[in-house]
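Visitor: Below are the structure tokens for one structure; questions will follow.
The values are calculated or read from the model by the stated rules, or taken from the named source; none is laboratory data. The structure displayed is predicted, hence computed values, not measured ones. All Cβ positions, even for glycine, are placed from backbone atoms using ideal geometry, and neighbour counts span all protein chains on display. Surface accessibility is based on the protein's heavy atoms, side chains included, excluding ligands, DNA and RNA. Shrake-Rupley method; radii C 1.70, N 1.55, O 1.52, S 1.80 Å.
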Amino acid sequence: MNTVHTYEEWLGKMIEWRRYLHQHPELSFQESQTSKFIAEHLEYYGLEVITNVGGHGVIGILQSGRSGPVVMLRADMDALPIQDEKTVPYKSQVDGVMHACGHDGHVSTLLATAGYMSEHKEDFTGEIRFLFQPAEELLPGGAAKVIASGALNEVDVVYGIHLWTPIPVGTYASTPGAMMAAADDFYIQLTGKGGHGGVPQTSIDSIIAGSALVLQMQSVVSRSVDPLQPAVLTIGTIQAGSAQNVIAETFKMSGTVRTFDEETRYIMKDRIHTLAQQIAAAYGTEAEIEYIMGYPPVVNDEKEAARFFATASKVFGAERVAVTPKIMPAEDFAYYLKEKPGCFMFVGAGNEQLNAVYPHHHPRFDFDESAMLDAMKLFIQMTQDYLKEHA
């Protein structure tokens, strides 16, 4: 491959790839054809390719031929179980499945970044690993399995980018330290004794116990957590009862907890367990509790976050670069940052003129595809700046 493409030509390729992937989405842990698509393109650009990484993951390796650090760049590749409601030529062709979070754009961006770097190998030192990670959207997530496979061995730094429609195209954001929340889920069942609604004295009403628990759980954040530490507890589902004149034997509820530090995370877990057990006992019911520790918080390395602000300001202009506030959605990129220094970055992809205004995970989600070129440039310059510092 002797052709050297311009940035505009790479953008054209990214749009083509992204639209193909958007039409052919695959759910978490099922990304076999997406993986094949990625591997074929990486091989075309002359990279060493490793497949079946932590499942359907793929790694492309670029050896510069000169000694230096190992830089890893990551993109996620899975879609969501959502029906695509957009009216566009590249609408999903898979019923009930769509790329509603931009992962098709992430794959396309990283493929183009790999192709660009392979054409400009003389501009880089050391080794660059392009990680295409499966199953970001579904617990237990793909990142932990990727790490268990040894993919981070010898890696010195890791960078990830999310095309982000809440901020407009042409803007860029990150933050030092905690950026995105840990996401934990709970499932609680209270079991009493069912009976006739007209003779409650012969029963143990699980709905009364469950209602008390719902109300008391609202005090966890306000009375058990340091008010300077953000936390959210949301009860998302309640299921109980079968008829208006029947006392329900079981009461089920589920919810999610979002936090930014490990101490608060475990305080929330302990308090939910304690309240469920104590309130269940107080009302004569029995509690079964399943508490799932999900993704940890995304915590950027301070030095690498500073690199983002310097690099993005140099490439795009300081007036376009901002510190993002903490946000409650979670990301399994957090696992990489627990192992290695690195930075997770937002590249603005919202555009009202293109109707790219819907939130992530919405049936009409779309993004300004020109943002992929911004993301590509950011990946390239972050890598170059890191390698220059560590030459």
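Visitor: Whole Å is fine, so just give me how far the alpha carbon centre of region 211-290 lies from that of region 171-199.
Guide: Centre-to-centre distance over Cα atoms comes out at 8 Å.
Visitor: Mind listing the Cα extents of region 210-269 along all three principal axes, in Å, largest one first?
Guide: Principal extents (largest minus smallest coordinate, Cα): 46, 16, 13 Å.
Visitor: Name the long-range amide H neighbours of THR250: under 5 Å, sequence gap of 5 or more, or other chain; modelled H, no Pro or chain starts.
Guide: Here GLY192, GLY241 satisfy the definition.
Visitor: Accessible area of region 184-341 with a 1.4 Å probe: how many percent of it is carbon plus sulfur? Before the final figure, lay out each step's value.
Guide: Numbers: 4210 of 8050 Å².
Reported share for carbon and sulfur atoms: 52 percent.
Visitor: How far is it, in nm, from the label point at ASP123 to the one at ASN355 when both lie 7 Å from their Cα along the line to the Cβ?
Guide: Result for the modelled spin labels: 3.6 nm.
Visitor: Would you mind checking the radius of gyration and Dmax of region 279-391 based on alpha-carbon positions, in Å?
Guide: My reading of the Cα-based Rg and Dmax gives 19.9, 67 Å.
Visitor: So, one more: Hey, any idea what Rg/Rh is for region 345-391, computing Rh the Kirkwood way over Cα pairs? Working shown, then result.
Guide: Numbers: Rg = 14.6 Å, Rh = 12.3 Å.
Using only Cα positions, Rg/Rh for region 345-391 is 1.19.
Visitor: Points 7 angstrom from Cα along the Cβ direction at GLU339 and ASP95: gap in nanometres?
Guide: Going from the GLU339 label point to the ASP95 one covers 3.9 nm.
Visitor: If you average the C-alpha positions of region 14-92 and of region 356-391 separately, how far apart do those two centres end up, in angstrom?
Guide: Each part reduced to its Cα centre gives a spacing of 15 Å.
Visitor: Which percentage, to the nearest 5, of the DSSP beta bridges contained in the chain is antiparallel? Please report the intermediate quantities before stating the final value.
Guide: Values: 46 of 70 bridges.
Roughly 65 percent of the DSSP beta bridges within the chain come out antiparallel.
Visitor: Can you tally the net charge around GLN133? Count Lys and Arg as +1, Asp and Glu as -1, for every other residue whose Cβ sits under 10 Å from the Cβ of GLN133.
Guide: -3
Visitor: Further, regarding this structure: Over the chain, average the accessible area per residue using a 1.4 Å probe and give it in Å², no decimals.
Guide: With the other protein chains kept in place, the chain gives 42 Å² per residue.
Visitor: Structure shown: which of LYS145/LYS338; LYS121/LYS145; LYS145/LYS326; LYS36/LYS338; LYS36/LYS377 lie over 21 Å apart, alpha-carbon to alpha-carbon?
Guide: Working: LYS145/LYS338 14 Å; LYS121/LYS145 30 Å; LYS145/LYS326 26 Å; LYS36/LYS338 29 Å; LYS36/LYS377 25 Å.
From the list (LYS145/LYS338; LYS121/LYS145; LYS145/LYS326; LYS36/LYS338; LYS36/LYS377), the Cα-Cα distance tops 21 Å for LYS121/LYS145; LYS145/LYS326; LYS36/LYS338; LYS36/LYS377.
Visitor: Provide the FRET efficiency to the nearest 0.05 for the TYR7-LYS326 pair, computing r from the beta carbons and using R0 = 30 Å.
Guide: The formula returns an efficiency of 0.35 here.
Visitor: I would also like to ask the following. Near the amide H of TRP164, under 5 Å away, which other amide H atoms are found, from residues 5 or more places off or on another chain, if H is placed in the peptide plane?
Guide: VAL347, GLY348, ALA349
Visitor: Amide H to amide H under 5 Å from PHE367: which residues, 5+ apart in sequence or cross-chain, H placed 1.01 Å off N in plane?
Guide: Excluding prolines and chain starts, which carry no amide H, there are no hits.
Visitor: Something else about it: Which label belongs to the value computed from this structure, given these candidates for semi-axes √(5λ) of the Cα gyration tensor in Å: (i) 44, 23, 19; (ii) 34, 29, 16; (iii) 29, 24, 20?
Guide: (i)
Visitor: Using only the alpha-carbon atoms, how far is helix 7-23 inclined from the longest principal axis of the chain? Give it as 0 to 90 degrees, nearest 10.
Guide: So the inclination is approximately 30 degrees.
Visitor: Now for a separate question. Rank-order 140-150, 374-384 by packing density, defined as the average count of other C-beta atoms within 10 Å over each peptide's residues, highest first.
Guide: Highest-to-lowest ranking by the protection proxy: 374-384, 140-150.
Visitor: Another question about this same structure. Roughly what angle does helix 206-217 make with the longest principal axis of the chain, taking Cα atoms, 0 to 90 degrees, to the nearest 10?
Guide: Roughly 50 degrees, rounded to the nearest 10.
Visitor: Next question, about the same structure. Where does helix 302-316 land angle-wise versus the long Cα axis of the chain, in degrees 0 to 90, nearest 10?
Guide: Result, in degrees: 50.
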